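What follows draws every value from the coordinates through simple rules; no lab data is involved. Quantities reported herein were computed from a predicted structural model and do not represent experimental measurements. Heads up, the Cβs are rebuilt from the backbone with ideal geometry, glycines too, and the neighbour counts pull from every protein chain shown.
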Amino acid sequence: MHPKILILKGVAFVLRYIFKRVLEMIPTLLIVSIIIFYFIHLIPGDPVRLVVGPDATSEEVSMIREEMGLNDPIFIQYMSYMQGILQGDLGKSLKTGLPVMEMFENRFKNSIYLTLFSIIWAFIIGIIIGTFSAVFKNKLPDNIGMLTAVSGISVPGFWLGLILIQFFSVQLGWLPTGGADSWKHFILPSIALGAGIMAMIARFTRSSLLETLGSDFIRTARAKGLREMIVIPKHALRNSMVSVVTITGLQFGFLLGGSVVVETVFSFPGMGRLLIDSIAFRDYPVIQALLLLFSIQFIVVNLIVDILYSFLNPKIRTISS
Amino acid sequence: MGVLKEEVINETTINKSQYSPIKEFWKNWKRQKVAFSASLFVLLLIIIAFVGPYITPYDPYEPNYNSILQGPSSSHLAGTDEYGRDIFSRLIYGTRISLSVSFISVFFGAVVGTILGLISGFFGGFLDRIIMRSSDVMFAFPDIILAIAIIAILGPGLVNVVIAIAVFTVPSFARLIRGATLEVKETVFVEAARSMGAKKTRIIYKHIFPETFSSLMVFFTMRIGTAILAAASLSFLGLGASPGTPDWGAMLTMGRDYLGTSSHVVIMPGIAIFLTVLAFNLVGDGLRDVLDPKTKNH
Amino acid sequence: MEDIILKVEQLQTDFQKDNQRIRILNGVSFHISKGEILGLVGESGCGKSLTSLSIMRLFKGTSGEISGGNIFFRDEDITKVTENQMRKIRGKQIAMIFQEPMTSLNPVMKIGEQLMEPIRIHLGYNNKRAKQHAVQMLTKVGIPRSNEIMNEFPHQLSGGMRQRVMIAIAMSCNPDVLIADEPTTALDVTIQAQILDLMRKLQKEENMSMLLITHDLGVVAEMCDRVVVMYAGRVVEEASVHDLFQSPLHPYTRGLIGSVPKIGQKKDRLESIAGRVPDPSNMPKGCKFAPRCSDATAECHEKEPSMLEVEKNRYCSCWLYDKGRSLISG
């Protein structure tokens with residue numbers, strides 16, 4: 001067959017695969033949305049009171065309640081909420097009266113950047129530390145690397161954030177303590193957020209690489225007369241990458257959870273801090289939309305990891321064609 | 001073509017007669033120097049958690065407005081907080097809170113998760129699908145966010161923190177034990193027990209559960225560290241222990257405002273959390289190397 | 001005298017186990033001449049594979065190291081050269097193929113890339129020329145559709161095909177010596193024969209020397225010119241294939257050959273040598289084979305015999321043939 005046709009066939013297969021996986025995601029998402037919706041209604045307290053304030057009369061309250069559709073059966077409320085979502089309407093914040101969608105815009109962007117920066121540095125540094133540890137197994141670089149890694153897993157992210165603020169912002173005055181106005185604002189939060197993941201990637205890279213380095217094809221590569229500088233990255237690391245990427249993706253939830261805490265420490269205008277603020281105010285529409293968004297993000301990332309996995313693994317890649 | 005007979009010396013067969021799992025474990029455990037030291041530290045923490053209230057130099061709740069925000073000194077080993085309370089004494093009280101919150105929550109999460117995992121792995125079919133589907137749904141929420149959502153419903157407080165952590169602990173144990181069960185289920189002795197007509201509950205209890213025990217121990221220890229971090233985070237977010245409680249996370253929140261001037265208020269509880277979690281993680285790593293070497297890469 | 005291309009002298013290789021140095025190879029000596037196929041045989045665990053790894057110095061990631069002896073490649077002692085110089089020898093002058101074709105190729109790299117690597121670094125070819133050469137090599141080792149195979153991954157090939165690829169990689173830089181460590185053990189019987197034929201053909205064409213490591217005496221009889229028999233990290237006998245099979249000298253060799261069924265001879269069971277290979281960390285005192293030897297005397301358990309030229313070009317280390325003594329038994 002002509003190579004171009006082969007490539008086209010491959011692309012078609014990949015698209016089909018992605019489509020299938022997206023379809024499979026839908027039931028999970030539906031169940032998740034129902035659960036979130038139901039749970040939000042379990043939160044004690046009356047949302048109407050939050051809107052009208054403590055001085056409103058009971059007539060006013062019941063009027064607003066009718067207006068907000070809160071007297072409808074919960075199923076109807078859910079249906080109309082979902083209908084809204086499909087049209088890009090996530091409701092209005094009880095606290096600010098602004099559409100939730102509008103409140104998300106900048107915050108979502110900020111949080112995505114923060115997450116990306118964190119995962120990028122964590123991935124690079126984690127792989128470097130893990131590789132050094134594996135290559136110098138049981139020697140000094142390994143011991144230092146693994147001590148760093150287990151510390152990174154054990155350190156509370158918010159505490160690390162506070163210490164970083166104290167040192168780099170308060171004492172040295174190099175970096176801002178909070179906000180998200182320039183790239184400088186992202187440095188400290190990214191460090192605090194990425195530390196744990198970096199550590200996990202380092203540990204995983206090490207163990208995965210050690211396993212790979214013991215395999216026969218590495219011996220073959222050395223027997224061909226290749227230098228270690230080629231053997232390690234090209235032959236060993238590339239093989240370990242498949243599982244390292246998977247693990248990194250699986251830690252993404254850890255990152256989303258961590259962002260809530262780290263964003264609070266740095267007064268960072270992102271989705272995580274919005275969640276905490278909204279819970280304090282019982283801003284139901286915002287909480288609901290946020291929880292939904294967090295779980296969608298998480299599910300989507302897992303999907304991307306799955307797809308990436310099949311791309312990195314030629315065994316899966318070629319079975320398709 | 002002739003092929004020589006190949007013989008392999010099997011060292012493990014030599015001492016089979018005097019083999020004792022506990023002795024064997026102890027022998028290997030002592031060799032894990034780092035994990036061994038960490039386990040001594042954990043032991044010390046447990047002792048502190050029990051006898052803490054009898055050994056604290058000061059009352060952890062008693063304000064002393066004459067000595068506010070003092071740095072570490074010989075009379076106040078870890079300094080004092082904004083009410084003049086002795087931070088060292090509060091840390092000692094906090095040990096009890098941290099350890100009991102994490103232990104109780106992981107314990108309940110592990111019990112429920114293990115039972116679900118055993119059922120799921122052993123019976124398979126419809127039950128398996130229901131359980132795994134539910135855990136998929138729970139996995140759709142990052143741990144801390146699930147905990148925050150639960151606390152949003154139940155309200156803040158340490159008891160609710162325990163519940164929230166227990167809940168997000170369940171699915172991971174269920175998955176772990178399900179996997180282990182599937183593996184054990186196919187082994188010869190379970191097949192044999194089955195063919196001899198042993199009752200299912202008995203097979204699960206007598207044959208499958210003990211085989212999953214070492215993975216369970218390793219994972220349990222690891223999860224304690226996670227739980228301590230989660231509890232501290234929740235307290236820090238104002239969703240856990242109430243502000244006056246000598247809880248490590250709550251102490252950090254309170255101390256935050258004094259970070260610039262009296263950083264020890266933040267540093268001390270942070271170190272307590274860090275060292276405790278570190279110790280549990282190191283013990284977990286060591287246990288994994290000794291008990292469960294095959295899961296090393298997971 | 002033919003040109004000797006590789007000469008191993010009194011080679012000692014140690015490994016570390018539980019903070020203890022254990023000598024696995026102890027005084028291994030042999031040589032290979034130009035265009036010769038030398039068989040290295042013995043039970044598994046006798047150190048034959050380790051001998052090949054010692055020649056290539058492939059110890060990275062293990063605790064192994066050469067602690068004594070010399071390995072002359074042409075006139076150069078390659079135990080003394082630097083790692084950098086050694087890398088120029090590996091894959092170019094001495095190449096190696098391994099037992100497990102299923103795992104010896106990198107699963108995430110295309111065959112072409114794996115084959116082109118040594119061609120680029122050792123022969124200095126650019127990509128285009130390296131590719132041409134690689135395709136030629138694949139054709140030479142009898143791979144059909146060699147152009148397409150270049151873009152395929154190892155898991156798309158059968159075991160026999162993979163071993164052909166391994167041979168192509170090893171032969172790609174036209175090495176002087178090819179070390180083949182159990183090249184056919186993992187393959188089906190019919191494929192085994194094809195691979196052996198191929199290796200023999202290529203060896204003849206290139207007048208290459210070959211060290212063939214195997215525990216299969218059938219392969220030795222078919223392929224080799226001379227044979228070195230190893231036991232417990234030592235050479236116990238060396239002879240031409242003809243002499244060895246005709247009249248094995250060492251009791252161990254006799255045991256080995258006795259355990260090979262001969263065509264037309266009906267036997268219910270293979271004769272095997274009683275007992276097992278000694279543990280390297282706990283070697284017997286005298287002759288290492290004495291505990292399993294039916295001819296062993298008290299002396300054999302006390303003192304280790306040395307290598308003797310028993311007949312012309314026939315060497316054996318056994319007290320039975322020491323002329324200073326009168327132990328010869330029937």
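Give me the percent of DSSP beta bridges within the protein assembly as shown that run antiparallel, rounded to the nearest 5.
For the protein assembly as shown, the DSSP antiparallel bridge percentage is about 65.
Along segment A:163-171, what does the Karplus equation 6.51 cos²θ - 1.76 cosθ + 1.60 (θ = phi - 60°) give for ³J(HN,Hα), rounded to whole Hz, x for Gly and Pro?
Those phi angles translate into 5, 4, 4, 4, 7, 7, 9, 6, 6 Hz.
Evaluate E = 1/(1 + (r/R0)^6) for B:ARG129 and B:SER100, where r is the Cβ-Cβ distance and R0 equals 41 Å; express this FRET efficiency to the nearest 0.05.
That pair, B:ARG129 with B:SER100, gives E of 0.70.
So what's the gap between the Cα centers of segment B:65-82 and segment C:110-183, to the nearest angstrom?
73
Just to check, using Stokes-Einstein with a Kirkwood Rh over alpha carbon pairs, what's the diffusion coefficient of segment A:3-86 at 10 °C and 1.306 mPa s in µm²/s?
The diffusion coefficient I find is 96 µm²/s.
How much FRET efficiency would the formula 1/(1 + (r/R0)^6) give for C:VAL81 and A:ASP46, where r is the Cβ-Cβ distance and R0 is 60 Å, rounded to 0.05?
0.10
Shielding by partners for A:60-71, please: the mean number of other protein chain Cβ atoms within 10 Å of each residue's Cβ.
Neighbouring Cβ atoms belonging to other protein chains average 0 per residue here.
Could you work out the relative contact order of chain A? I mean the mean sequence separation of Cα pairs under 8 Å and 6+ apart, divided by the number of residues, in percent.
23
Going down the table (B:LYS23/C:LYS288; C:LYS48/C:LYS285; C:LYS34/C:LYS288; C:LYS34/C:LYS80), which pairs top 28 Å between alpha carbons?
Those over the limit are B:LYS23/C:LYS288; C:LYS34/C:LYS288.
Go through C:297-308, B:139-150, A:124-135 and give me the packing order, highest mean Cβ count within 10 Å leading.
Ranking, from highest mean packing down: B:139-150, A:124-135, C:297-308.
Return the whole-Å distance between the Cα centroid of segment C:52-95 and the Cα centroid of segment B:221-292.
What the calculation gives is 53 Å, centre to centre.
Note the direction-averaged projected area, equal to a quarter of the hull surface, for the Cα convex hull of segment A:150-271, in nm².
9.1
Calculate the tail of P(r) for segment C:115-189: the fraction of all Cα-Cα distances greater than 15 Å, expressed in %.
The calculated P(r) of segment C:115-189 puts 55 percent of pairs beyond 15 Å.
If packing is taken as the average count of other Cβ atoms within 10 Å, what order do A:27-33, A:162-168 fall into, highest mean first?
A:162-168, A:27-33
Restricting things to alpha carbons, tell me how big segment A:110-320 is in terms of Rg and Dmax, in Å.
Values for segment A:110-320 (Cα only, Rg and Dmax): 19.6, 66 Å.
What list do you get for B:ILE273, C:ILE167 if you sort them by fewest beta carbons within 10 Å?
Taking fewest neighbouring Cβ atoms as first place, the list is C:ILE167, B:ILE273.
Work out the mean other chain Cβ neighbour count within 10 Å for the residues of A:233-245 and drop it here as an integer.
Mean partner shielding for this stretch: 2.
With the crude spin-label approximation of a point 7 Å out along Cα→Cβ, what separation in nm comes out for A:GLN83 versus A:LEU15?
My value for the distance between the label points is 3.4 nm.
Return the tail of the calculated pair distribution for segment B:35-143, meaning the percent of Cα-Cα pairs more than 22 Å apart.
57
How crowded by other chains is B:144-156, given as the mean number of beta carbons from other chains within 10 Å of each beta carbon?
Other-chain Cβ atoms within 10 Å of each residue's Cβ, averaged: 6.
Can you give the convex hull volume of the alpha carbon atoms of chain C per residue, in Å³?
Roughly 157 Å³ of hull volume per residue.
What nm distance separates the two modelled labels at A:SER151 and A:ASP72, each placed 7 Å from Cα along Cα→Cβ?
In this crude label model, A:SER151 to A:ASP72 measures out at 5.6 nm.
Roughly how compact is chain B, stated as its Cα Rg over 2.2 N^0.38 Å to two decimals?
1.24
Could you sort the peptides B:49-61, C:52-64, C:147-159 by per-residue average Cβ neighbour count (10 Å cutoff), highest mean leading?
Put in order of decreasing packing, that is C:52-64, C:147-159, B:49-61.
Taking square-rooted eigenvalues a ≥ b ≥ c of the alpha carbon gyration tensor, is segment B:153-298 rounded, prolate or oblate, where a/c under 1.5 means rounded and, failing that, a/b exceeding b/c means prolate?
In terms of gyration-tensor shape, prolate.
Tell me the label-point distance for the pair B:LYS27, A:ALA56, using the 7 Å Cα-to-Cβ offset, in nm and rounded to one decimal.
7.5
May I ask for the equivalent-ellipsoid semi-axes of the protein assembly as shown, computed as the square root of five times each C-alpha gyration tensor eigenvalue and listed largest first in whole Å?
65, 33, 27
Given R₀ = 56 Å, FRET efficiency for C:SER306-A:TRP183 by Cβ-Cβ distance, to 0.05?
With a Förster radius of 56 Å, E is 0.15.
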